[in-house]
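Here the structure comes first, spelled out in structure tokens, and everything after it is commentary.
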Amino acid sequence: MSSNTFGKLFSVTTFGESHGPAIGCVIDGCPPGLAIAAEEFRTDLDRRATGRSRYTSQRHEADDVEILSGVYEGKTTGTPIALLIRNVDQRSKDYGDIASTFRPGHADYTYWQKYGIRDPRGGGRSSARETTMRVAAGVLAKKWLDEHFGIRVRGYVAQIGELTPETFDWSAVEQNPFFWPDSAQMPALESYVNALRKSGDSVGARVNVVAEGVPPGWGEPIYGKLDGELASALMSINAVKGVEVGDGFAAVAQRGSQHRDEMSMEGFASNHAGGILGGISSGQPVTASIVLKPTSSILIPGRSVTLAGEPAEVVTKGRHDPCVGMRATPIAEAMVALVLIDQALRHRAQCGDVGAVAPRIP
């Protein structure tokens, strides 16, 4: 399998399967001198992890990071950083009944068509377990971006099924298992997700990410567009079926007089473009959204076929999320941060000595 690496100057290669002995990544191009310790990965990995609330899959993984290389006396050396997390709570027997059957809505059929072999245990390489290492790599990216530019990358769940926040408070996002910005809606959300679990069904979600403090000038005009690379990185997350930058598809109903972000020396009047113009950051907050499909691992029987071409009925057993979007916030944050650090290093390499040729709008 190729294409397990993303990024040009700050590149991340992930490896491992959901039910293998371990998952890991190799980060190449991380600048030297960044202080990092294994315990610094804990917060974001816990935010992504299963089994932390009754509203997610009950798989319990310790997610303890082992730093194998690239760090000496607590600082990055500029050489490849290898990170490893051992899997400790696999229940491969849950997948014994579907080893010879394609689960509808999963990558089983397409993996079989491409490789002629697949690992049925938890989806193998197609499992969202792989995103654990993206989050780990994102910890390094977030810290470097903050220390060098004061950039803050954070996200929240903006919709679960039919429910949307009625108010917005950043401080509420980390105080509940839904990454939800409206604490008053917790009882309604809990009832909604509990009903989903009991019915054996699932639902989709929308996650928004905001990167504040991104300076103007990052990104390329054509093939290395900042928004293009954000879209690619975010679309690579499991279950993502749509990406928007700025107003995204809402622009269909807008007028040009409304959508354009007018400027003055006091600043931009709006940010419909999501902080990116012509593929290059404008200095405004960079905003992006993803839509995640309902998980197909549900208890409601579905029609499919076997490897022998016979009809079959599939009921997915095991431990699964009624809404995978609830754990996607730290993953989306990580992917945005990884794109930004790569773009920062590329900008520094070519244009780092270019001075401001026009007044900078605050």
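Tabulated values for the structure
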read-out: From GLY138, GLY204, residue being in contact (Cβ under 8 Å) with a residue 40 or more places away in the chain, within 14 Å of the chain's Cα centre (by Cα) and within 21 Å of ARG48 (Cα to Cα); value: GLY138
read-out: Matching entry among SER304, SER289 (being in a strand (DSSP E or B), in contact with a Gly (Cβ under 7 Å, 6 or more places away or on another chain) and either over 27 Å from SER199 (Cβ atoms) or not β-branched (Val, Ile, Thr) (or both)); value: SER289
read-out: Residue tally, condition assigned to a loop (DSSP other than H, G, I, E, B), buried (at least 17 other Cβ atoms within 10 Å of the Cβ) and at pLDDT 95 or above, over segment 225-238; value: 2
read-out: Matching residues in segment 203-224 - criterion: being surrounded by 24 or more Cβ atoms within 10 Å (Cβ to Cβ) and either assigned to a loop (DSSP other than H, G, I, E, B) or in contact with a Phe, Trp or Tyr (Cβ under 8 Å, 6 or more places away or on another chain) (or both); value: VAL207, VAL214, TRP218, GLY219
read-out: Answer residue from segment 37-52, given it is more than 13 Å from ALA136 (Cβ to Cβ) and surrounded by 14 or more Cβ atoms within 10 Å (Cβ to Cβ) and is modelled with the highest pLDDT among those; value: THR50
read-out: Residue within segment 312-328 that is crowded, with 19+ Cβ neighbours inside 10 Å, modelled with pLDDT of 95 or more and acidic (Asp, Glu) present; value: no
read-out: Single residue of VAL153, VAL193 found to be surrounded by 21 or more Cβ atoms within 10 Å (Cβ to Cβ) and assigned to a helix (DSSP H, G or I); value: VAL193
read-out: Identity of the residue in segment 98-130, among the basic types (Lys, Arg) and modelled with pLDDT under 85, that ends up farthest from the chain's Cα centre (by Cα); value: ARG118
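The values are calculated or read from the model by the stated rules, or taken from the named source; none is laboratory data. Quick caveat, the model's predicted, so the values are computed rather than measured. Note that each Cβ is placed from the backbone with ideal geometry, even for glycine, and that neighbours are counted across all protein chains shown.
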